[in-house]
Structure formats: structure tokens, C-alpha cells
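What follows is a single structure, written as C-alpha cells, with notes after it.
The values are calculated or read from the model by the stated rules, or taken from the named source; none is laboratory data. It should be emphasised that the depicted structure is a prediction, and the values quoted were computed from it without experimental measurement. Glycine also receives a Cβ, built like all others from the backbone with ideal geometry; neighbour counts cover every protein chain displayed.
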């Protein structure tokens with residue numbers, strides 16, 4: 001179980017023991033992390049689980065797919081390190097990962 005820290009926009013950090021094989025979004029929801037709305041339940045259909053990965057974790061999270069890119073394109077706050085947490089499968093290689101959340105989900 002890798003330990004992953006999710007940081008709210010206001011700077012409040014939440015470190016969780018994430019379960020490998022589950023998505024980052026599901027791990028966040030199961031641990032009651034505020035700031036991940038996940039309105040579509042992880043179907044990559046809404047963009048309300050948007051996160052920013054610290055640059056050193058981009059490779060560990062894998063590449064985004066065209067559907068994820070389409071959802072992220074609707075976000076005015078999208079950056080090069082933007083991802084949807086529903087599309088990131090947690091692996092043991094993510095031990096120590098830091099993820100930042102946007103000011104709001106939409």
C-alpha cells in the first residue's frame with residue numbers, strides 16, 4: 001500500500017495508505033478526502049476528480065487517454081500536469097506521491 005498525499009487547494013494535506021490496483025479517485029473517496037467530487041463515479045465523463053500531479057510523478061501515473069484529454073479540455077485550469085484521478089491506477093511505485101487539487105471541481 002503506497003502512501004500518497006493529496007493536498008487541498010488551501011494547502012491542507014491528507015496522507016492515505018492507497019490500495020494498489022484501485023484508482024486514485026476511488027482511494028480518495030474511500031478515505032473521505034475533500035476536494036474530489038467524482039460526480040460520474042469514475043466513468044471519465046465529468047472531470048470532477050481533476051488533480052495536478054507533482055512533475056516527478058507524471059511518468060508513474062502513465063499517459064492520459066483521448067477520453068481523459070477531452071474531459072480535461074473543458075477545464076479552464078488545465079495544466080500540463082493535470083490528470084483525472086479516476087484514470088490513474090495506483091501502483092506500489094507511487095509510494096510518496098504528492099497530488100494537488102484545484103480550487104474547485106466542475
Pairs returned, first residue in the stretch 41-52 that is more than 14 Å from residue 78 (Cβ to Cβ), second residue that is in a strand (DSSP E or B) and modelled with pLDDT of 95 or more, beta-carbon separation under 8 angstrom, 6 or more apart or interchain, are 42/23; 44/84
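Quick grid of which residues meet (1) under 16 Å from residue 3 (Cα atoms); (2) surrounded by fewer than 18 Cβ atoms within 10 Å (Cβ to Cβ):
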| residue | (1), (2) |
| --- | --- |
| 38 | no, no |
| 65 | no, yes |
| 98 | yes, yes |
| 102 | no, no |
Please work out which one of (1) out of contact with any helix residue (DSSP H, G or I) (no Cβ under 9 Å at 6 or more places or on another chain); (2) surrounded by 13 or more Cβ atoms within 10 Å (Cβ to Cβ); (3) over 18 Å from residue 41 (Cβ atoms); (4) in contact (Cβ under 8 Å) with a residue 12 or more places away in the chain is the condition residue 106 fails and give its number. (3)
